1. List the aspartates and glutamates whose alpha-carbon lies under 20 Å from that of Lys142, not counting same-chain residues fewer than 8 positions away?
2. For a quick check of your reading of the filter: which GluC sites (Glu not before Pro) in segment 1-88 sit in a DSSP loop and have no more than 14 other Cβ atoms within 10 Å?
3. Once segment 98-239 is represented by equal point scatterers at the alpha-carbon sites, with solvent omitted, what log10 I(q)/I(0) does the Debye formula produce at q = 0.21 Å⁻¹?
4. Between 0 and 90 degrees, rounded to the nearest ten: what's the tilt of helix 95-114 against the longest Cα principal axis of the chain?
5. Could you work out the helix-only [θ] at 222 nm for the chain, with each DSSP H run of four or more residues adding -39,500 (n - 2.57) and the total divided by the number of residues, to the nearest 500 deg cm²/dmol?
Amino acid sequence: MASERVYQEDAYLSTMEATLVRHEGESGLVFDRTNFFATGGGQPGDIGFVESEDGDRLKIVGTVYSEDKEDVVMMAEAGTTLPEPGATVVLHVDWKRRYRLMRMHTACHLLTVACPFPITGAAVGEEESRIDFDIADAVPDKASVTDALLELVAANHPVFSRWITEEELDANPGLVKSANVRPPRGSGRIRLVCIGENGSVDTQPCGGTHVQETSEVGEIHIGKIENKGKTNRRFRIRFGPVPA
Ligand SMILES: [Zn+2]
């Protein structure tokens, strides 16, 4: 049984109980279910701590998928004593960091609406995120993209996810905005992240964590647009108002 990825159904669950199934390597922990997001799709994995029944706290320094991509592996700080399989513990996500990543990740989706070009790369960060676009023609300017982003934030569109089959995705190739990254296949189902009523603002495959309403993204701006190759343009999103 693969670890249940609770963060895919409820991104706001910062604390929950889980049972340790096994160790992986020197410091990896695999639980029956977890609210810790595993690194993927440009979003970094969660950090936080695991609280045992007697109140001991074990620091978690990162979260990744197992090699076969089935399990979520939470990495304990090196050199610490791990709980034994069967132990029931409480998982605490570093919520301040995760919520910033959720806001930033949602902002990245909004940028693909404000800037509708094929995506060649993306990375979500706590302070700054970047998306690379393939833009052969005139590149939109920072100010107009920032204005379009803030309009989408202010409109407070709902953000939600739903699952489709791989066949449904094949029948709708336009859903995939990434030029070189295909959504992971093999499980038979694909998670779509939708913005707006019925996904009218944006709908694309994504396994990440997002906020529930676009207003939660808050104030953001385009900090920089860089040339990274002939038609590759790197857009950087930052929190806060446009610097004076
Ligand atoms: Zn996403």
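Each reported figure results from applying straightforward, stated rules to the coordinates on display, with no laboratory input. Note that the coordinates shown come from a computational prediction; the quantities given were computed from them, not determined experimentally. No Cβ is skipped: glycine too gets one built from the backbone with ideal geometry, and neighbour counts run over all protein chains shown.
1. In chain and number order, the partners are Glu127, Glu128, Asp132, Asp134, Glu151, Glu219, Glu226.
2. Working: sites: Glu4, Glu9, Glu17, Glu24, Glu26, Glu51, Glu53, Glu67, Glu70, Glu77; in loops: Glu9, Glu26, Glu53, Glu67, Glu70, Glu77.
In loop regions of segment 1-88 (DSSP not H, G, I, E or B), the sparsely surrounded GluC sites (Glu not before Pro) are Glu9, Glu26, Glu53, Glu67, Glu70, Glu77.
3. Log-scaled intensity ratios, in q order: -1.36.
4. Once rounded, one gets 30 degrees.
5. Values: 3 runs with 39 residues, N = 244.
Using -39500 (n - 2.57) per qualifying helix, the result is -5000 deg cm²/dmol.
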